[in-house]
Amino acid sequence: MSVAVSSIVLLYATIQEARQKQIAEMQEKRAQEDHEHVTEMHRLVLETLAYQQQELESLKELFAGLRGQTYTRKEIAPAPDLYTLHPRGDERFSDEDLAKRWQQGLYHNELVTKLREYLTPDD
């Protein structure tokens with residue numbers, strides 16, 4: 001009887017571990033999506049700033065022309081590539097990044113792996 005109880009307790013613990021890993025994966029996936037969104041928004045802000053700088057240079061040139069002066073436009077530096085600014089570079093944004101990091105960072109239990117196959121929803 002004691003063996004049966006301990007086996008059931010172990011099974012429930014294993015199922016709980018599989019669910020916790022699934023929850024952690026979903027949270028990490030969501031964090032990666034949020035990170036990509038923030039990066040894209042930052043890129044748009046940088047593009048807007050560059051456009052505004054170009055417009056200011058055009059206005060300076062126009063006003064200088066109205067005063068009969070010449071104006072030399074300043075060169076505007078291109079916006080940096082935000083994907084390469086990340087410490088892990090473009091790799092951080094790849095679709096396989098999450099799966100590779102999970103494989104490297106987790107202890108793998110065969111029973112939990114099999115259980116997680118059944119817990120994973122179909123797309």
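The values are calculated or read from the model by the stated rules, or taken from the named source; none is laboratory data. Keep in mind it's a predicted model, so treat the numbers as computed, not measured. Positions of Cβ are backbone-derived with ideal geometry, glycine not excepted, and every protein chain shown enters the neighbour counts.
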For the stretch 75-83, check the following and say yes or no: at least one residue is touching a helix residue (DSSP H, G or I) at 6+ places or on another chain (Cβ under 8 Å), surrounded by 13 or more Cβ atoms within 10 Å (Cβ to Cβ), modelled with pLDDT of 85 or more and among the hydroxyl-bearing types (S, T, Y). no
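Identify all residues within the stretch 59-115 that are among the hydrophobic types (A, V, I, L, M, F, W, C) and within 30 Å of Q22 (Cβ to Cβ); write none if there are none.
First pass over the stretch 59-115, keeping only residues among the hydrophobic types (A, V, I, L, M, F, W, C): 59, 62-64, 66, 76-77, 79, 82, 85, 93, 98-99, 102, 106, 111-112, 115.
Listed by number, the residues that qualify are F93, L98, A99, W102, L106, L111, V112, L115.
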Is it true that V112 is surrounded by fewer than 10 Cβ atoms within 10 Å (Cβ to Cβ) and part of a helix (DSSP H, G or I)? no
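When the stretch 15-72 is examined, which residues are found to be part of a helix (DSSP H, G or I), β-branched (V, I, T) and surrounded by fewer than 13 Cβ atoms within 10 Å (Cβ to Cβ)?
We begin by selecting, within the stretch 15-72, every residue part of a helix (DSSP H, G or I); these are 15-66.
Subsequent filtering for residues that are β-branched (V, I, T) retains 15, 23, 38-39, 45, 48.
Once the filter is applied, which keeps residues that are part of a helix (DSSP H, G or I), β-branched (V, I, T) and surrounded by fewer than 13 Cβ atoms within 10 Å (Cβ to Cβ), the stretch 15-72 yields I23, V38, V45, T48.
With respect to K74, determine if the residue is among the charged types (D, E, K, R) and under 30 Å from N109 (Cα atoms). Before the answer, list the steps.
Values: among the charged types (D, E, K, R): yes; under 30 Å from N109 (Cα atoms): no.
Considered against the rule, which asks whether it is among the charged types (D, E, K, R) and under 30 Å from N109 (Cα atoms), K74 comes out as no.
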